[in-house]
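Below you'll find the structure, written out as structure tokens, and then a few comments.
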Amino acid sequence: MAKSESEITWRDLNIGTIVTEPGSSVDYRTGSWRSQRPVLDSSKCIRCGMCYIFCPEGCIKLDEKDQFFKADLYHCKGCGICAKECPAKAITMAEEEE
Amino acid sequence: MPKRVGMEVSIAVAETVGLCNADVVAAYPITPQTHIVEHLAEMVAEGELDAEFIPVESEHSAMSACLGSAAAGARTFTATAGQGLELMHEVLYVASSMRLPIVMAVANRALSGPLSVWGDQSDVMAVRDTGWIQIFVENGQEAIDNTICAFRIAENKNVLLPVMVHIDGFYLTHMIEPMLLPDRADVDKYLPPNNYPLPLWPEKPVAMGDFAPPVLYSEAKKAQEENFAASKQYILGAWAEFSKQFGRQYRPVECYNCENASTFLFTIGCFSETAMTAIDELKKQGRNIGLVRIRLWRPFPYAELREALKGAETLIVLDRSISIGMGGPTCSEIKAALYGQPQQPKIVDYIGGIGGRDITPEGFIEIINKGIAAARDGRHPEYEFYGVRG
């Protein structure tokens, strides 16, 4: 998108506010909704990938470098499902402080 | 050459949808719309119309299927009435805000309760604000003509909006009338192929009906309103082209016997023809009453209505529905349109002809006489019922 959301005028919108840029939802920072953030204790993590499977946002990915599953905090909404499902109790939810 | 036919108006509407080569019909049968969709289903089953007929499980699903169909670029038709229109309600807003050209015939019917399958205009008034272009017809020929016009208006690339064609339930849908059914070649000439600019198409993906956060919702609504207001010139254009090709002219506000009249009756829909009979009768007695009707209900024809009522001293409005606790919906819109105008008529509003209660030419004469007396005495309430016992 050439213009940021706050610069878009009504004249800039497509008919019916149709979105023509595929995959543009990744630009939307759902991470700003979060009140709690998942924190991984890598000493407890068994790399089972349960957090990756359960994450409803699909925002947990395997870090190719250290082979740990990590949440992408730009999109993570802080729902806490990963922490709840982690069999090794390696994820805790920490308050976001702003 | 057009074919002169004598048929039920519902059947004629279905035949017209066939002449317009609709690609998809998604509908749920409901009285008094049933004959329209029954006949369309038959036409598809018999191979007379090459279309998908989607027999959905409810009107909510009918309109939802129409969204998908129109989004894919298919010429889309549906029809409903009364409770069915209400069940569609939330999806109506989606169709218009997504700018999807869908044509819907509405066989106007009363709303429950008490349960009534009969005609009035309560269903229309409940969908005033849904962002659909809305056209009223008064007889079978107008229903045929405006169904054709509706596709042309809806699919115009400068419009791209859904259109309702309001046909009074039973009073009009079930009448057998002489009508001219246009020639297919003439309809083809008038109605270019549908060419939705951003259809659902795998090679060029689009997302429709997305979420708009507070930073965008106002801009989206402003764009919708601007587009809706601008659609009027294309509606007028479609009617002008229709007149050139088929010789029948439609206007946003229609007048009958309005020249030199200072007392006016206002109606909408097919009761207007009965009202004309009453006006002819009064003319024979040397009394000149004008009849003003709205054909284009949305976008609301402010300028044409003000022009038509210029010089009116008394205006008697018949509302065939009631907004409980507020009065007649059409009358309140007329009053709003006339607010601030230099000369304003005295306005008397009658609620009548609801839930299948007929109004005869004698009834209209009675309404006119009562209205004139009430306006003269100046002691009339904001609105009152006409023809209620007790």
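Out of all the residues in segment B:327-334, is one or more aliphatic (A, V, I, L, M) and closer than 22 Å to residue B:137 by Cα? Steps first, answer last, please.
Residues of segment B:327-334 that are aliphatic (A, V, I, L, M), as a first pass: B:334.
Adding the requirement that they be closer than 22 Å to residue B:137 by Cα leaves B:334.
Yes, segment B:327-334 contains a residue that is aliphatic (A, V, I, L, M) and closer than 22 Å to residue B:137 by Cα.
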Q.
Can you pull out every residue in segment A:9-59 that is over 30 Å from residue B:100 (Cα atoms), in a loop (DSSP other than H, G, I, E, B) and of a type in the set (D, E, K, R)?
A. A:34, A:41, A:44, A:47, A:57
Q) Would you say residue B:91 is among the β-branched types (Val, Ile, Thr), out of contact with any strand residue (DSSP E or B) (no Cβ under 9 Å at 6 or more places or on another chain) and farther than 19 Å from residue B:206 by Cα? A) yes
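Taking segment B:324-352 as the search range and keeping residues that are in a loop (DSSP other than H, G, I, E, B) and aliphatic (A, V, I, L, M), which one is surrounded by the most Cβ atoms within 10 Å (Cβ to Cβ)?
B:326
Tell me, which strands (runs of 3 or more DSSP E) lie completely within segment B:48-128 with 2 or more residues that are crowded, with 20+ Cβ neighbours inside 10 Å? Before the answer, list the steps.
Details: elements: B:52-55, B:76-80, B:102-108.
Because the criterion is at least 2 residues that are crowded, with 20+ Cβ neighbours inside 10 Å, the strands (runs of 3 or more DSSP E) in segment B:48-128 that meet it are B:76-80, B:102-108.
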(Q) Being out of contact with any Phe, Trp or Tyr (no Cβ under 6 Å at 6 or more places or on another chain), surrounded by 23 or more Cβ atoms within 10 Å (Cβ to Cβ), not charged (D, E, K, R) and not assigned by TED's automatic domain parsing to the domain that holds residue B:226 narrows it down to one residue among B:300, B:264; which is it? (A) B:264
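For every residue, the table says whether it meets (1) over 24 Å from residue B:120 (Cβ atoms); (2) without any contact (Cβ under 8 Å) to a residue 60 or more places away in the chain.
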residue	(1), (2)
B:238	yes, no
B:246	yes, no
B:253	no, yes
B:257	yes, yes
B:265	no, no
B:276	no, yes
B:281	yes, no
Q: Please enumerate the residues belonging to segment A:16-32 that are within 11 Å of chain B (Cβ to nearest Cβ) and of a type in the set (A, V, I, L, M, F, W, C).
A: A:18, A:19
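For the subset of segment B:191-231 comprising residues that are among the small types (Gly, Ala, Ser) and facing another protein chain (nearest Cβ under 9 Å), which member is surrounded by the most Cβ atoms within 10 Å (Cβ to Cβ)? Before the answer, list the steps.
Start the filter on segment B:191-231 by keeping residues that are among the small types (Gly, Ala, Ser), which leaves B:207, B:209, B:212, B:218, B:220, B:223, B:229-231.
Right, trim to facing another protein chain (nearest Cβ under 9 Å) and you get B:207, B:209, B:212, B:218, B:220, B:223.
Numbers: B:207: 16, B:209: 14, B:212: 15, B:218: 11, B:220: 17, B:223: 21.
Among those residues, the one meeting the criterion is B:223.
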Q: Check residue A:89 against each of (1) assigned to a loop (DSSP other than H, G, I, E, B); (2) under 30 Å from residue B:226 (Cβ atoms) and name the one condition it does not meet.
A: (2)
**Q.** Hits in segment B:249-261 (condition: touching a helix residue (DSSP H, G or I) at 6+ places or on another chain (Cβ under 7 Å) and loosely packed, with under 15 Cβ neighbours inside 10 Å)
**A.** B:249
Q. Since residue B:180 meets every condition but one in (1) crowded, with 18+ Cβ neighbours inside 10 Å; (2) among the hydrophobic types (A, V, I, L, M, F, W, C); (3) without any contact (Cβ under 8 Å) to a residue 12 or more places away in the chain, which condition does it not meet?
A. (3)
Q.
Between A:73, A:62, A:40, A:13, which is surrounded by 11 or more Cβ atoms within 10 Å (Cβ to Cβ), within 14 Å of chain B (Cβ to nearest Cβ) and either within 21 Å of residue B:223 (Cβ to Cβ) or in contact (Cβ under 8 Å) with a residue 12 or more places away in the chain (or both)?
A. A:13
(Q) Going residue by residue through segment B:305-312, is there one that turns out to be among the acidic types (Asp, Glu) and either surrounded by fewer than 19 Cβ atoms within 10 Å (Cβ to Cβ) or assigned by TED's automatic domain parsing to the domain that holds residue B:146 (or both)? (A) yes
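Conditions (1) assigned by TED's automatic domain parsing to the domain that holds residue B:295; (2) not charged (D, E, K, R); (3) not in a helix (DSSP H, G or I), marked per residue:
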site: B:167; (1), (2), (3): no, yes, yes
site: B:172; (1), (2), (3): no, yes, yes
site: B:180; (1), (2), (3): no, yes, yes
site: B:201; (1), (2), (3): no, yes, yes
site: B:205; (1), (2), (3): no, yes, yes
site: B:209; (1), (2), (3): no, yes, yes
site: B:221; (1), (2), (3): no, no, no
site: B:231; (1), (2), (3): no, yes, no
Q. Failed condition for residue A:79, given (1) in contact (Cβ under 8 Å) with a residue 24 or more places away in the chain; (2) surrounded by 11 or more Cβ atoms within 10 Å (Cβ to Cβ); (3) more than 14 Å from chain B (Cβ to nearest Cβ), with all others met?
A. (1)
Q.
I'd like to check something: does segment B:355-369 contain any residue that is of a type in the set (Phe, Trp, Tyr), in a helix (DSSP H, G or I) and under 21 Å from residue B:279 (Cβ atoms)?
A. yes
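The values are calculated or read from the model by the stated rules, or taken from the named source; none is laboratory data. Because the structure is predicted, anything quoted here is derived from the model rather than measured. Quick reminder, even Gly has a Cβ in these numbers, built from the backbone with ideal geometry, and neighbours come from all protein chains shown.
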